[in-house]
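The values are calculated or read from the model by the stated rules, or taken from the named source; none is laboratory data. What you see is a predicted model; the values in this text were computed from it and never measured. For neighbour counting, all protein chains shown are included, and Cβ atoms are generated from backbone atoms with ideal geometry for every residue, glycine included.
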Amino acid sequence: MLCPQCGLSETRVIETRTSDGGKVVRRRRECPSCSHRFTTYERVEERQVLWVVKKDGRRESFDRCKLLRGLMRACEKLPVPLDVLEDAACRIEGKLRERESGEVLSMEVGDLAMDELRRINKVAYVRFASVYREFTDLSNFAAEIARLIEEREDKHDNH
């Protein structure tokens, strides 16, 4: 694997972990020349193209990197490790690929992303929801936050 810092082709693996139920291999690597550390992911290449149907009817192929960028943007400046978001993106993609149809609505992708973010970080969830649901004023934010507070209180009451 080429070092992204200096281009040396002989980097060494210092840690290997699996995620997403063994479907993804995450490797921490280090360059012996410049000591730069970086992470690589190995996954099976899917043969079936998964199509996402947008709100306006356009179709585009599913892009896990685009999904991950959206999750990362929602978590900017929050203490959420990248591997947690990688695992979330893998779970979302896995759920989408389990369906019989090779097409999914963009709304379904967004709903799954919101479910993951709700579990990972509530602030990231509200950020994502504000863009995804197109919040137009403070009352939309207030309603979503009130819903989260109610969920938390319900959990505490049931425990």
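Checking each residue in the stretch 118-141 for being part of a helix (DSSP H, G or I) and at pLDDT 90 or above picks out Arg118, Arg119, Ile120, Lys122, Val123, Ala124, Tyr125, Val126, Arg127, Phe128.
Residues are listed down the side, and each one gets a yes or a no for (1) of a type in the set (A, V, I, L, M, F, W, C); (2) assigned by TED's automatic domain parsing to the domain that holds Arg99; (3) under 30 Å from Tyr132 (Cβ atoms); (4) part of a helix (DSSP H, G or I):
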{"position": "Glu10", "(1), (2), (3), (4)": "no, no, no, no"}
{"position": "Ile14", "(1), (2), (3), (4)": "yes, no, no, no"}
{"position": "Phe38", "(1), (2), (3), (4)": "yes, no, no, no"}
{"position": "Asp56", "(1), (2), (3), (4)": "no, yes, yes, no"}
{"position": "Leu67", "(1), (2), (3), (4)": "yes, yes, yes, yes"}
{"position": "Gly70", "(1), (2), (3), (4)": "no, yes, yes, yes"}
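Within the set Leu112, Leu117, Leu148, Leu96, the sole residue that is surrounded by 14 or more Cβ atoms within 10 Å (Cβ to Cβ), in contact with a Cys (Cβ under 9 Å, 6 or more places away or on another chain) and of a type outside the set (S, T, N, Q) turns out to be Leu117.
Taking the criterion of being basic (Lys, Arg) and surrounded by 11 or more Cβ atoms within 10 Å (Cβ to Cβ), the residues of the stretch 27-57 that qualify are Arg27, Arg28, Arg29, Arg37, Arg43, Lys54.
Scanning the stretch 1-24 for residues that are over 17 Å from Ala88 (Cβ atoms) and of a type in the set (A, V, I, L, M, F, W, C) returns Met1, Leu2, Cys3, Cys6, Leu8, Val13, Ile14.
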